[in-house]
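Trainee: I'd like to ask you about the structure that follows.
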Amino acid sequence: MTTGLLLTRRLVQLLLGLFAYGIAIAMMVQAGIGVSPWDVLAQGLSIKTGWAFGLITNIVGLVVLLAWIPLRQRPGLGTVLNVLLIGPAAQLGLALIPRQTELWAQVLLFVGGLLLLAVATGLYIGPKMGPGPRDGLMTGLHARTGWPIWAVRTGIEVTVLIIGWILGGNVGVGTLAFALLIGPLCSLTLPFFAIRLPQTAATVAAERELEGTAEPDAGLEAEQDAARFDVRDGILLESDSGARSRAHRAASSNVLRDHQPDAPAPAAAAAARAAAAPRASGRPAFTIATYWLDDRLTGRA
């Protein structure tokens, strides 16, 4: 595929994913049994201000994006389009999808919205053109404070949820279902829609311009083996350098690394396991870690 065709495909997939993401949000809002924490905040602000839900979604995204400035994060094309397009798409969905009052219809609409949102997440992340504004906020705070990613993410989500609930946003069983299911669902859609990009020196600079920077610490770029992460909508994707660092650690630990389920095992895998089993400490290696999703996302054979 030529560079022009590849870029066109990435743009089309990005736009389709962002539009579907907005529609999915509208479906869950109209189900009326609870929404994600950021949508709870948008609902609460919409109730208090009287402004449209889609407009509030855009404004919240813009405010979060402005918070990138002191955190020294640079948005990519996908980041800017995320702020601009998800709100209007959600507002269109609210206009087209009727509010449900019967429990069975509410559950079906919410489940459909959750599944569509997982697909939309894979679609708009797959082109690798920049993370969402909320995820840059998370990685930026992680870099500046040194707190773990999970702690920063949890703190942001809980704070947003509480503020939205106080303002009148809809917190319900759907909010809990979203928190529990969105990660596993996206783990299925992300590898499916991921676009493999050419890793030539000529494309590196152009890709950085499209994708921006939303990393835990820009200073880590000087370290070849630093574990860099790309975190989008709560999904933690490991970079090639991070994968190499993990592989090095795995080789010197008692954790056995199995082959990918969709690739043949290396010829020396059995011998390596046999050699690794009798550790000097006498402690057997019980854990087998495949890292299949990581390998699929980073394109490593």
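Trainee: Just give me the residues in region 63-85 being within 20 Å of A24 (Cα to Cα) and of a type in the set (A, V, I, L, M), in sequence order.
Mentor: V80, L81, V83, L84, L85 - these are the residues of region 63-85 that are within 20 Å of A24 (Cα to Cα) and of a type in the set (A, V, I, L, M).
Trainee: Looking only at region 172-194, which residues are under 12 Å from the mean Cα position of the chain (by Cα) and of a type in the set (S, T, N, Q)?
Mentor: Across region 172-194, the qualifying residues are S187, T189.
One line per residue, one yes/no per condition, for (1) at pLDDT below 95; (2) touching a Phe, Trp or Tyr at 6+ places or on another chain (Cβ under 6 Å); (3) within 21 Å of R10 (Cβ to Cβ):
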{"residue": "W51", "(1), (2), (3)": "no, no, no"}
{"residue": "I56", "(1), (2), (3)": "no, no, no"}
{"residue": "A89", "(1), (2), (3)": "no, yes, yes"}
{"residue": "G93", "(1), (2), (3)": "no, no, no"}
{"residue": "L103", "(1), (2), (3)": "no, no, no"}
{"residue": "L141", "(1), (2), (3)": "yes, no, no"}
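Trainee: With the structure loaded, tell me whether P75 is touching a residue at least 12 places away in the same chain (Cβ under 8 Å), over 19 Å from L109 (Cα atoms) and buried (at least 20 other Cβ atoms within 10 Å of the Cβ) or whether it fails that test.
Mentor: Considered against the rule, which asks whether it is touching a residue at least 12 places away in the same chain (Cβ under 8 Å), over 19 Å from L109 (Cα atoms) and buried (at least 20 other Cβ atoms within 10 Å of the Cβ), P75 comes out as yes.
Trainee: Within region 109-130, track down each residue that is assigned to a helix (DSSP H, G or I) and more than 20 Å from A179 (Cβ to Cβ). If you could, list the steps in order and put the result at the bottom.
Mentor: Of the residues in region 109-130, the ones assigned to a helix (DSSP H, G or I) are 109-125.
If the condition is that a residue be assigned to a helix (DSSP H, G or I) and more than 20 Å from A179 (Cβ to Cβ), then L123, Y124 are the ones that fit.
Trainee: Right, next: Given the criteria of a type in the set (S, T, N, Q), closer than 23 Å to A24 by Cβ, open to solvent by less than 70 Å² (accessible area, probe 1.4 Å) and not in a loop (DSSP other than H, G, I, E, B), does T175 qualify?
Mentor: Values: of a type in the set (S, T, N, Q): yes; closer than 23 Å to A24 by Cβ: yes; open to solvent by less than 70 Å² (accessible area, probe 1.4 Å): yes; not in a loop (DSSP other than H, G, I, E, B): yes.
Yes, satisfied.
Trainee: Oh, and also: Determine whether region 143-150 contains at least one residue that is assigned to a helix (DSSP H, G or I), surrounded by 18 or more Cβ atoms within 10 Å (Cβ to Cβ) and modelled with pLDDT under 90.
Mentor: Checked against the condition, which is being assigned to a helix (DSSP H, G or I), surrounded by 18 or more Cβ atoms within 10 Å (Cβ to Cβ) and modelled with pLDDT under 90, region 143-150 yields at least one hit.
Trainee: Give the residues of region 151-172 that are part of a loop (DSSP other than H, G, I, E, B) and open to solvent by 60 Å² or more (accessible area, probe 1.4 Å), sorted by residue number.
Mentor: V171
Trainee: For region 42-72, name all the residues that are open to solvent by less than 20 Å² (accessible area, probe 1.4 Å), in contact (Cβ under 8 Å) with a residue 60 or more places away in the chain and within 22 Å of G130 (Cβ to Cβ).
Mentor: A42, G61, V64, W68, L71
The values are calculated or read from the model by the stated rules, or taken from the named source; none is laboratory data. These figures come from a predicted structure and were not determined experimentally. Counting neighbours? That spans all protein chains shown, and the Cβs are built from the backbone with ideal geometry, glycine included. Surface areas here come from the heavy atoms of the whole protein model, side chains and all, with no ligands, DNA or RNA. Shrake-Rupley method; radii C 1.70, N 1.55, O 1.52, S 1.80 Å.
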